[in-house]
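Engineer: First the structure, which I've put down as structure tokens, then a few questions once you've had a look.
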Amino acid sequence: MQSFNYTRPTTAQEAVKAFADAGAGARFVAGGTNLYDLMKLNIEQPLHLVDVTSIDGLDALSTDGGRIRLGALVPMSAAATNERLARDYPVLVEALWKAASQQIRNMATVGGNLLQRTRCMYFRNGADGAFPCNKREPGSGCAAIGGLDSGQAVLGASDACNAVSPGDWPVALTALEAIVEVQGPQGVRSFPVAELYRLPEATPHLEFSLAPGELITAIEVPQTSAGRFSTYHKVRDRESYAFALASAAVALEIDGDRIIEARIALGGVATRPWRAKEAEQALVGQIFTLARAREAGAAAFWAAKPGRHNGFKIELGARTVADAIEIAFKRSRA
């Protein structure tokens, strides 16, 4: 690991200025559970770390009124144990509980988790030049395409990259149409969490839509009655401490047996958190049945394109969506 400079500002404005003053090679750091890992692997080699953990107010979680507002520095563990979230937005709490280990949840922040980078083995294990990776070294190629791709994406892939977006939390936030607030050199702006993530297309190294020096400061979840009848369903190789092979965040608004509104997002199968609009359309206005849930699951993968070894994710993903719809619907009967 190379040497680097270190700054610990106390306001968001100071952090943005410190980043700009440091120039190329600067990185923001909070919990560090992803960045430090990548530094050890020589994938990230920052020249200057701007530690944002002393910024006052960014660790606040507010449930006043109808909205939920989480400061970017709220630990994942704190959000996971919040009683209001557990009652009105179980999809959020389940996404947090099913992510990583308790030790990591204690350190990782809800803002930093949005910027987690891929777990593609070619990205993480090729810093010595053994495997080409367009995310790590633009223009070098993608060893995963045509290689060992059982863990790779079947939705949103391009000729340059098929790496899966690894997070659970961003998938749940995408389903609930959450808003991310950022502060940068040009001031404060807000936009949907879904717009934070870019498709790989020809530039997979450009993963996020943040401008240079922009710092995530908060996440807001709009009030929705669909949040109460929601779930995050995750299928993985082992029961805990593993990334998703397929996951689904589902939130439903129910009137009797009829689905009035459906919000569905997918994880573990796409290059970014994936909103499944086709699956939602298959449910809205319909009486819930298991057959209808399975139809919606299949609709979520109409555009899927399998590689050599990951075709199983299409059927697995469809079943995961169907199961999540059933779980969310049954919560309306509790």
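The values are calculated or read from the model by the stated rules, or taken from the named source; none is laboratory data. Treat the numbers as computed from the prediction; the structure is a model and nothing was measured. Using ideal geometry, Cβ is built from the backbone for each residue, glycine included, and neighbour counts are taken over all protein chains shown.
Engineer: Counting only residues that are in contact with a Phe, Trp or Tyr (Cβ under 9 Å, 6 or more places away or on another chain) and surrounded by 14 or more Cβ atoms within 10 Å (Cβ to Cβ), how many does the range 83-103 have?
Structural biologist: Residues that pass the stated criteria total 11.
Engineer: For Asn42, work out the one condition from (1) part of a loop (DSSP other than H, G, I, E, B); (2) not assigned by TED's automatic domain parsing to the domain that holds Ala18 it doesn't fulfil.
Structural biologist: (2)
Engineer: For the condition in the same structural domain as Ile254 (by TED's automatic domain parsing) and not in a helix (DSSP H, G or I), what is the one hit in Ala322, Ala304, Ala293?
Structural biologist: None of the other options fit; the residue is Ala304.
Engineer: What number of residues in the range 76-98 are out of contact with any helix residue (DSSP H, G or I) (no Cβ under 6 Å at 6 or more places or on another chain) and either over 22 Å from Val29 (Cα atoms) or not in a helix (DSSP H, G or I) (or both)?
Structural biologist: So the count comes out to 8.
Engineer: A further question follows. Looking only at the range 206-228, how many residues end up being surrounded by 15 or more Cβ atoms within 10 Å (Cβ to Cβ) and either in contact with a Ser or Thr (Cβ under 6 Å, 6 or more places away or on another chain) or part of a loop (DSSP other than H, G, I, E, B) (or both)?
Structural biologist: 6
Engineer: Something else about it: Of all residues in the range 42-58, which are within 24 Å of the chain's Cα centre (by Cα) and surrounded by fewer than 16 Cβ atoms within 10 Å (Cβ to Cβ)?
Structural biologist: Answer for the range 42-58, where residues must be within 24 Å of the chain's Cα centre (by Cα) and surrounded by fewer than 16 Cβ atoms within 10 Å (Cβ to Cβ): Asn42, Gln45, Thr53, Gly57.
Engineer: Just to be sure I understand, how many residues within the range 123-141 are surrounded by 22 or more Cβ atoms within 10 Å (Cβ to Cβ) and free of Cβ contacts under 8 Å to residues at least 40 places away in the same chain?
Structural biologist: Residues flagged as surrounded by 22 or more Cβ atoms within 10 Å (Cβ to Cβ) and free of Cβ contacts under 8 Å to residues at least 40 places away in the same chain within the range 123-141 amount to 1.
Engineer: Could you identify the single residue in Val110, Val188 that is surrounded by 15 or more Cβ atoms within 10 Å (Cβ to Cβ) and either polar (S, T, N, Q) or at pLDDT 95 or above (or both)?
Structural biologist: Unique residue meeting the criteria: Val110.
Engineer: While we're here: Return the residues of the range 159-184 that are modelled with pLDDT under 95 and crowded, with 23+ Cβ neighbours inside 10 Å; say none if nothing qualifies.
Structural biologist: Gly167
Engineer: A further question follows. Can you pull out every residue in the range 142-187 that is acidic (Asp, Glu) and part of a strand (DSSP E or B)?
Structural biologist: Glu181
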